[in-house]
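Inspection log for the structure reproduced underneath, given as structure tokens.
The values are calculated or read from the model by the stated rules, or taken from the named source; none is laboratory data. All values reported here derive from a predicted model rather than from experimental measurement. Methodologically, a virtual Cβ is constructed for each residue, glycine included, from the backbone with ideal geometry; neighbour enumeration extends over all protein chains shown. Surface areas here come from the heavy atoms of the whole protein model, side chains and all, with no ligands, DNA or RNA. Shrake-Rupley method; radii C 1.70, N 1.55, O 1.52, S 1.80 Å.
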Amino acid sequence: MNFAVPYSLREINPGPMSDFDPKLTFESFVVGPANRLASAAARRAAESPGTSYNPLFVYSASGLGKTHILTAIAHQADRGAGRRVEYLALEKYLDRLETALEGGTHDGRTLFEDLDILLLDDVQFLTGQPEAQEMLLRTLDELSASGSQMVLASDRPPADINGLDARLLSRFSGGLIVDIGVPEYETRVAIIHKKAKERGQSLEAGVAEALARHPFRNVRELGGGLNKVLAIQELEDRRVQVDEISLLMGSVTAADAPTDEEFDSFLDDLVTSLAEVVEEKEAPWRRAFHEAIDAAEREGFSTLRLEPYLKEDEPEGWEEIIERFRSDVKRLRQIDEELEELGNPWPEAAAGVLKDPDRLQEAESLLASVRERQRPFPNLTEGQKLTDLQDYPGIVLKAAAQLVGTERPEYSPLFVVAPYEDLGKTLLGAAGRTFQATQPTSRMAVTSLQGFADDFIRALGEGVAGAWRERWWTVDLLLVHGLEALSETERAQDEFFHLFEALKRRGARILLVADRPPSEIGSIDDRLRSRFEGGLVLELTSGTPGTDLILEDEALTLEGSGLLSELELDGVLGGEASGGPEEEEGVSSASQPPSEAASSPHHESVGVDSVPADARRGGSWSPSRENAVIHWPRLPDFLIEELD
């Protein structure tokens, strides 16, 4: 059986994973409106093969990123444990089938049954090949039956492939068909900056924007234009300027340039004269708007806010309008620089926002989220390790040592019942220090359950709950004491459940300490209780309390890890009522940004600073539950979080 394959395809022969360009990953793929759906669907196919969009059919004109998407899927899937991926051009796929059929080793139905993902490129060449289409149908059936994923790429949608079998068209439509469009201006700018950074070069202000405005037909041509600029910078050891771009890209060529010196001189004089006349007659306010617009556009910022004023009479307070615009542009630059320093984990979200002064609030929110996402967890101070707890029960020490060891533990979570708080906190601190010593690059979070709830409320108040979750969900070891306080929480309990599930999926380690076994913690979700009991539950009734559970940063100890017991303020938020001012309203200072906690007119706060000095050290003061009131300045934001 011979399959007709165009000669041009003979050169397309993807090799093994090691032969693929290591730069073509999802991390290097710049996401914009034109490719966002394709990128998201491809990621889902790579991370959860066969579960969502199967088959996934991606199409676009040449040079817009199909190969990048397919290679990124291969790389992403290859990172998973034992995933089997194959990337074939149509020609290679048909050759493989033909060889198998001629050799009699396969009937074509079981050839790819051992794969987790099959990536098939250049599907448009199925035109006029009914036998090849029949074999592709068999392969689709084979992969679907085994729960495997198939991703196909073409330069046109299935409906435009001439002579395509109606059954194939139906199968493609039953999955997901998605296109990759030509990237819009902001995405082109982001692509240029990213590619230049990958090459270790930087561009003069406005060069990326000028390149992005050039009428390239696709991303490949855009990359070629950038290569020309970078080559000049490398070979001539200088920076290409904005005014060179049009000449370099061929918009104006030497052959097209005028050669008559007198005519050139006449034009120069004419332009100069006209500019002088316009400048003399243009009103000062209008000239100021033009200057502000030109300066912003040279750096690629949107000027839609200012442009409408040029169509009207002199606006009242125009100096303030321009100054506010320039101030917003300056702030966007500062945000961009800080995001760069922080290592922004969401560059695609920043691409358009950071160049639009009208979206400054979005940029501020993004920065706040990145700060939250990158905020480090405090380390424990020096103190005892597990080997120092000689008089603790051997089984507890052995289980804790295995949990924090370098090998994958046999059980997680480890749930320790410690009726005496100091015993449990000493064990927790020793386990954490042992982990820090053996795995210093891993992420560890130490907190009380009350501290976890406080931190969550703070994140809600600051509008960074999503980034807060991502930060907590990336820890490799979670150490929590005072877990019995779960019974006094509602929303925080739900968040703790999702954190628990996320860490379990990642294979992270979890050590929990409470003053009672899971079965005796009242008012908690049965799902949580069963998961606690599904690990290893041990009782700790003997031992000598040693080093207290102290973190390196006292401020983070209070606000980040919630060890409020050191100041005897465990009841400040949702704790047991123990007296206090009967008419006072309050909210934990952890529920709002530090700058707002003391000055916001929308909040009356009862934090550490407002607690009587004598009660802080030796008393047991806390507001009663009836008098602990949370004031939300923007109620709709709170409602949105609840719905999420």
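Multiply the residue separation of Asn379 and Ala295 by 0.36 nm, subtract the distance between their alpha-carbon atoms, and state the gained length in nm to one decimal. Before the final figure, lay out the partial values.
Numbers: separation 84, 0.36 × 84 = 30.24 nm, distance 4.64 nm.
Net length gain for the segment: 25.6 nm.
Scan around Ile510 for amide H atoms under 5 Å from its own, H built in the peptide plane at 1.01 Å from N, and keep only partners 5 or more places away or cross-chain.
It is Leu414, Leu478, by chain and number.
If I take R0 = 56 Å and measure r between the Cβ atoms of Arg516 and Ser48 in this structure, what FRET efficiency does the formula 1/(1 + (r/R0)^6) give, to the nearest 0.05?
Working: r = 38 Å, r/R0 = 0.69.
Computed FRET efficiency for Arg516 and Ser48: 0.90.
Modelled label-to-label distance, Asp391 and Gln334, 7 Å Cα→beta-carbon offset: nm?
5.7
Taking θ = phi - 60°, what integer Hz values does the Karplus form 6.51 cos²θ - 1.76 cosθ + 1.60 yield along segment 359-371, in sequence order, with x for Gly and Pro?
Karplus-based 3J(HN,Hα) across segment 359-371 equals 10, 4, 4, 5, 5, 4, 5, 4, 4, 4, 5, 5, 4 Hz.
Going through the cross-link list Lys66/Lys355; Lys23/Lys330; Lys66/Lys504; Lys385/Lys504; Lys66/Lys330; Lys66/Lys197, which pairs have a Cα-Cα distance over 31 Å in this structure? It would help to have the intermediate numbers written out before the result.
Values: Lys66/Lys355 27 Å; Lys23/Lys330 33 Å; Lys66/Lys504 34 Å; Lys385/Lys504 25 Å; Lys66/Lys330 37 Å; Lys66/Lys197 22 Å.
Correct reply: Lys23/Lys330; Lys66/Lys504; Lys66/Lys330.
Using the Karplus curve 6.51 cos²θ - 1.76 cosθ + 1.60 with θ = phi - 60°, work out ³J(HN,Hα) for each residue of segment 310-326 in order, rounded to whole Hz, and write x for Gly and Pro.
6, 8, 10, 6, 4, x, 6, x, 5, 4, 5, 4, 5, 5, 5, 4, 5
In whole Hz, with x marking every Gly and Pro, tabulate ³J(HN,Hα) for segment 527-539 from phi via Karplus 6.51 cos²θ - 1.76 cosθ + 1.60, θ = phi - 60°.
Here the 3J(HN,Hα) series is 5, 5, 4, 5, 6, 4, 6, x, x, 10, 9, 10, 10 Hz.
Given +1 on the Cβ of Lys and Arg, -1 on the Cβ of Asp and Glu, and no further charges, what dipole in debye does segment 108-178 carry about its Cα centre, rounded to the nearest 20? Present the calculation step by step, with values, prior to reporting the outcome.
Numbers: 5 positive and 12 negative charges, 48 e Å.
With only Lys, Arg, Asp and Glu charged at Cβ, the dipole is about 240 debye.
Note the full-extension length gain between Arg506 and Arg324 as 0.36 nm times their separation in residues minus their Cα-Cα distance, in nm to one decimal. Don't skip to the answer; put the middle values down first.
Numbers: separation 182, 0.36 × 182 = 65.52 nm, distance 4.66 nm.
Taking 0.36 nm per residue and subtracting the Cα distance, the gain is 60.9 nm.
Based on the Cβ-Cβ distance of Trp346 and Arg239, what FRET efficiency does E = 1/(1 + (r/R0)^6) give at R0 = 22 Å, to the nearest 0.05?
Values: r = 29 Å, r/R0 = 1.33.
Taking R0 as 22 Å, the efficiency between Trp346 and Arg239 is 0.15.
Over segment 433-531, average the accessible area per residue using a 1.4 Å probe and give it in Å², no decimals.
Details: 3350 Å² over 99 residues.
Accessible area per residue, segment 433-531: 34 Å².
Using modelled backbone amide H atoms (1.01 Å from N, in-plane), which distant-in-sequence or interchain residues come within less than 5 Å of Gln149's amide H?
When sequence neighbours closer than 5 places are left aside, the close amide H contacts are Gly50, Ile117, Leu118.
Could you give the size of the charge dipole of segment 148-223 about its Cα centre, using +1 on the Cβ of each K and R and -1 on the Cβ of each D and E, expressed in debye and rounded to the nearest 20? Don't skip to the answer; put the middle values down first.
Values: 11 positive and 10 negative charges, 39 e Å.
Dipole magnitude for segment 148-223 comes out near 180 debye.
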